[in-house]
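A.B. asks: My questions will all concern the structure given below.
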Amino acid sequence: MHSTTKLSDQGFKIFKEVVFQPMCDNITSAITNEVLKQRNGEEMIDIELLKGSVAIYLTLSSGKLAQDGFLPRVHLDKALLA
């Protein structure tokens with residue numbers, strides 16, 4: 001019996017492996033820099049953009065996408081709490 005993977009799941013898996021994972025450090029750094037700027041009163045950040053960015057981290061860290069062991073949410077959590 002062959003198992004089938006939903007197209008959206010396969011798309012997220014490929015996005016995570018090919019696009020997101022290689023750029024995760026840079027993306028995380030950009031997010032944390034913007035959060036720090038707001039915390040320091042330097043500028044206001046686009047909250048909707050931040051929500052969307054964090055949603056990607058959460059999506060790529062849940063369900064079947066978490067099975068590969070690379071959890072972007074943990075990566076972002078560590079950076080924000082450092």
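The values are calculated or read from the model by the stated rules, or taken from the named source; none is laboratory data. Note that this is a predicted model, so its numbers are computed, not measured. Counting neighbours? That spans all protein chains shown, and the Cβs are built from the backbone with ideal geometry, glycine included.
A.B. asks: Looking at the stretch 48-67 only, could you name the residues that are part of a loop (DSSP other than H, G, I, E, B) and in contact (Cβ under 8 Å) with a residue 12 or more places away in the chain? Break it down stepwise before answering.
C.D. replies: At the first step, the residues of the stretch 48-67 found to be part of a loop (DSSP other than H, G, I, E, B) are 60-62, 67.
Result: Leu60, Ser61.
A.B. asks: Would you point out the residue of the stretch 68-81, among those that are in contact (Cβ under 8 Å) with a residue 12 or more places away in the chain and over 12 Å from Lys16 (Cα atoms), that is surrounded by the most Cβ atoms within 10 Å (Cβ to Cβ)?
C.D. replies: Leu76
A.B. asks: Given the residues Phe12, Phe70, Phe20, which is the only one that is among the aromatic types (Phe, Trp, Tyr) and assigned to a loop (DSSP other than H, G, I, E, B)? Talk me through it step by step, then tell me what you get.
C.D. replies: Details: Phe12 fails: assigned to a loop (DSSP other than H, G, I, E, B); Phe20 fails: assigned to a loop (DSSP other than H, G, I, E, B).
After applying the criteria, what remains is Phe70.
A.B. asks: When you look at Ile56, is it over 23 Å from Lys6 (Cα atoms), surrounded by 14 or more Cβ atoms within 10 Å (Cβ to Cβ), modelled with pLDDT of 95 or more and of a type outside the set (Ser, Thr, Tyr), yes or no? Steps first, answer last, please.
C.D. replies: On the way: over 23 Å from Lys6 (Cα atoms): no; surrounded by 14 or more Cβ atoms within 10 Å (Cβ to Cβ): yes; modelled with pLDDT of 95 or more: yes; of a type outside the set (Ser, Thr, Tyr): yes.
When the stated conditions are applied, Ile56 does not pass them.
A.B. asks: Then there is this: Based on what the data block shows, is Lys37 assigned to a helix (DSSP H, G or I) and in contact (Cβ under 8 Å) with a residue 24 or more places away in the chain?
C.D. replies: Numbers: assigned to a helix (DSSP H, G or I): yes; in contact (Cβ under 8 Å) with a residue 24 or more places away in the chain: no.
In short, no.
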